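What follows is a single structure, written as structure tokens, with notes after it.
The values are calculated or read from the model by the stated rules, or taken from the named source; none is laboratory data. Keep in mind it's a predicted model, so treat the numbers as computed, not measured. Here the Cβ positions follow ideal geometry from the backbone for every residue, glycine too, while neighbour counts run over all protein chains shown. Accessible surface areas use protein heavy atoms only, side chains included; no ligands, DNA or RNA. Shrake-Rupley method; radii C 1.70, N 1.55, O 1.52, S 1.80 Å.
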Amino acid sequence: IDFDLILENVKDLNLLVGEGISQIEHTPRGARLRRPEPLPLTLYQNGIVVGNGAFRPYQHPSTQQCLQDILDGYFPSELQPRYPDGV
């Protein structure tokens, strides 16, 4: 597993969705700026953890798909229903 490429692609994807840039959140009395909550990705020698989820070994097909999406320069397809604009 090319951890350097994964980290580089995650950094590029973060820039794509505007990491560090506040978004406008409309409130009943107007609006305010809000920074999106990050979704942590923790890489271990033998697997990953996405967000507050369970540990997923590299051999698991969903883990392989997640990492392949990132290696291909895309947001993980498993996150699209929850984050249609990227995370």
Residue in the stretch 41-56 that is touching a residue at least 40 places away in the same chain (Cβ under 8 Å), open to solvent by less than 100 Å² (accessible area, probe 1.4 Å) and under 16 Å from Tyr74 (Cα atoms) present: no
Residues that are over 22 Å from Leu79 (Cα atoms) and either open to solvent by 70 Å² or more (accessible area, probe 1.4 Å) or touching a helix residue (DSSP H, G or I) at 6+ places or on another chain (Cβ under 8 Å) (or both), drawn from the stretch 24-40: Ile24, His26, Pro28, Arg29, Arg32, Leu33
Pair list, Cβ < 8 Å and 6+ apart or interchain, from the stretch 1-27 residues that are assigned to a helix (DSSP H, G or I) to residues that are among the β-branched types (Val, Ile, Thr): Ile6/Ile70; Asn9/Ile70; Val10/Ile70; Leu13/Ile70
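Can you go through Thr42, Thr63 and tell me which one is at negative phi, touching a strand residue (DSSP E or B) at 6+ places or on another chain (Cβ under 8 Å) and in a helix (DSSP H, G or I)?
Of the residues listed, the single one that is at negative phi, touching a strand residue (DSSP E or B) at 6+ places or on another chain (Cβ under 8 Å) and in a helix (DSSP H, G or I) is Thr63.
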Extreme residue, modelled with the lowest pLDDT, among residues of the stretch 12-66 that are among the charged types (D, E, K, R) and under 18 Å from Gln80 (Cα atoms): Glu19
